[in-house]
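The values are calculated or read from the model by the stated rules, or taken from the named source; none is laboratory data. A quick note: this is a predicted structure, and the numbers were derived from the prediction, not measured. Here the Cβ positions follow ideal geometry from the backbone for every residue, glycine too, while neighbour counts run over all protein chains shown. Accessible surface is based on the protein model in full, side chains and every heavy atom, while ligands, DNA and RNA are left aside. Shrake-Rupley method; radii C 1.70, N 1.55, O 1.52, S 1.80 Å.
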Amino acid sequence: MNIAVFSLTENGRQLSARTADVLCSEHKVSRYCFHKHTDDNSAVFWNMGSMVGRLFERSDAFIFVCACGIAVRAVAPLLGTKADDPAVIVMDDSGNFVIPVLSGHIGGANRLAEIIAEALGSTAVITTATDTGGRFSPDSFAVANGLIITDLTAAKEIASDVLDDKKIGFFSEYDHGGLPDELTEFGVCRSGIYVGDSKDIKPFDVTLQLIPKNIVLGIGCKRGSSSEVIGSTVREILAEAGIDIARIREAATIELKADEAGLLEFCGSIDVPLRFCTAEELMSVKGDFEASDFVLETTGADNVCERSAVFCSGGKLVLHKRARDGVTVAAAEIPVYLDFERKVL
């Protein structure tokens with residue numbers, strides 16, 4: 001996560017430094033201190049709202065060491081939807097309380113607050129009903145297992161049914177651990193959860209479809225291919241194969257393409273990391289791939305897109321090599337196992 005930590009006072013500055021120390025081993029943490037109370041390891045701001053605005057689109061979480069009202073006013077003009085908003089956490093500058101105020105489940109604010117509180121000896125103030133009652137949360141389950149929430153209205157209705165002690169149906173195309181008490185794979189339920197790769201399967205009157213974000217896109221292109229050509233080709237091929245582009249977790253190619261501007265720009269445009277593999281790594285992958293003598297002579301690997309997809313996913317191909325407009329595309333699935341004990345972050 002990209003985390004921005006803001007502080008206003010001297011106590012707040014010290015607490016922001018301690019908070020950054022707690023989180024920096026697992027996350028990218030940047031500190032922003034009011035100009036009167038700063039240090040060499042932080043950036044300086046004079047107007048919090050302006051600085052938050054500059055950082056909003058590229059930050060996954062904001063931690064404010066200040067009054068709740070100040071934090072709320074800083075982020076309020078920038079907020080969009082529940083699915084997209086960053087986690088927002090407020091801490092008092094004495095370090096007594098850590099309060100997630102926004103995106104507790106999907107953004108991970110609740111879990112982040114618990115981690116901070118445990119490390120600093122503070123109290124995490126969690127207010128979401130499913131958490132305070134120790135109940136199953138469809139939002140948290142989805143985020144922790146890398147699942148795309150397709151319908152926030154259905155998720156909200158299921159969370160409401162959980163709190164009303166109604167059984168929630170569960171149907172999955174993937175292996176999973178033991179179900180929590182709120183879920184059942186048997187009997188007739190009005191509302192339920194479907195986990196799979198189809199948007200057409202709705203086994204319950206109210207069905208929350210959770211689709212795994214587990215596709216590794218293997219990709220190759222001729223030198224100088226533009227981001228626009230790469231993007232349109234990828235979208236066309238995935239659409240023909242019935243694979244939602246939102247399911248892509250990672251893209252992969254050979255390290256010879258590390259400076260391919262169009263490829264880098266395309267992956268950035270869809271917010272997907274691009275991983276580079278050596279020819280030796282690609283050729284070590286076992287399987288039946290479409291080999292090309294020309295590609296082998298040029299790159300040292302007889303196939304880039306299929307081999308890179310399988311190498312980086314650890315799974316199997318769901319889309320064999322397709323070539324168009326100088327772009328080659330393949331896709332593989334990362335194996336899915338649903339763990340109801342897995343935590344966000």
If you take the residues in the stretch 1-21 that are assigned to a helix (DSSP H, G or I) and under 25 Å from the mean Cα position of the chain (by Cα), which one is nearest to Ala76 (Cα to Cα)? Ser16
Considering only residues that are of a type in the set (Phe, Trp, Tyr) and not in a helix (DSSP H, G or I), look in the stretch 22-76 and name the one that is nearest to Val88 (Cα to Cα). Phe62
Just the residues that are in contact with a Ser or Thr (Cβ under 7 Å, 6 or more places away or on another chain), without any contact (Cβ under 8 Å) to a residue 40 or more places away in the chain and of a type outside the set (D, E, K, R), please, taken from the stretch 280-336. Leu282, Asn303
Which residue is farthest from Glu306 (Cα to Cα), if the candidates are limited to the stretch 221-243 and must be aliphatic (A, V, I, L, M) and open to solvent by 10 Å² or more (accessible area, probe 1.4 Å)? Val229
Which condition number does Ile334 fail, the rest of (1) farther than 30 Å from Asp181 by Cβ; (2) in contact with a Lys or Arg (Cβ under 8 Å, 6 or more places away or on another chain); (3) among the aliphatic types (A, V, I, L, M) being met? (1)
Report whether or not Gly218 is open to solvent by 10 Å² or more (accessible area, probe 1.4 Å) and outside any helix (DSSP H, G or I). no
Which pairs have Cβ atoms under 8 Å, sit 6 or more apart or on different chains, and link a residue in the stretch 257-275 that is of a type in the set (Phe, Trp, Tyr) to one that is surrounded by 12 or more Cβ atoms within 10 Å (Cβ to Cβ)? Phe266/Ser227; Phe266/Ile230; Phe266/Gly231; Phe266/Val234
Quick one: in the stretch 317-345, which of the residues that are hydrophobic (A, V, I, L, M, F, W, C) and open to solvent by 10 Å² or more (accessible area, probe 1.4 Å) is farthest from Asp60 (Cα to Cα)? Ala323
Is it the case that the stretch 254-277 has a residue that's open to solvent by 30 Å² or more (accessible area, probe 1.4 Å), of a type in the set (D, E, K, R) and touching an Asp or Glu at 6+ places or on another chain (Cβ under 7 Å)? yes
Among what's in the stretch 300-316 and is surrounded by fewer than 19 Cβ atoms within 10 Å (Cβ to Cβ) and not basic (Lys, Arg), pick the residue that is modelled with the lowest pLDDT. Gly300
What number of residues within the stretch 190-210 satisfy the criterion of being open to solvent by 10 Å² or more (accessible area, probe 1.4 Å) and not charged (D, E, K, R)? 7
Being touching a strand residue (DSSP E or B) at 6+ places or on another chain (Cβ under 7 Å) and free of Cβ contacts under 8 Å to residues at least 60 places away in the same chain is the filter; apply it to the stretch 167-182 and report the residue that is most open to solvent (accessible area, probe 1.4 Å). Lys167
Exclusive hit being without any contact (Cβ under 8 Å) to a residue 24 or more places away in the chain and either closer than 20 Å to Lys82 by Cβ or open to solvent by less than 70 Å² (accessible area, probe 1.4 Å) (or both), set Ala155, Ala124, Ala109, Ala117: Ala117
Failed condition for Arg223, given (1) basic (Lys, Arg); (2) at pLDDT 95 or above; (3) outside any helix (DSSP H, G or I), with all others met? (2)
Among Asp161, Asp139, which is among the acidic types (Asp, Glu), open to solvent by less than 30 Å² (accessible area, probe 1.4 Å), closer than 24 Å to Thr207 by Cβ and in contact with a Gly (Cβ under 9 Å, 6 or more places away or on another chain)? Asp139
When every residue in the stretch 91-106 that is crowded, with 24+ Cβ neighbours inside 10 Å and aliphatic (A, V, I, L, M) is compared, the one nearest to Pro138 (Cα to Cα) is Val98
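Just to check your reading of the model, which residue among Phe34, Phe56, Phe45, Phe6 is closer than 21 Å to Val143 by Cα and either surrounded by fewer than 16 Cβ atoms within 10 Å (Cβ to Cβ) or hydrophobic (A, V, I, L, M, F, W, C) (or both)?
After ruling out the rest, the residue left standing is Phe56.
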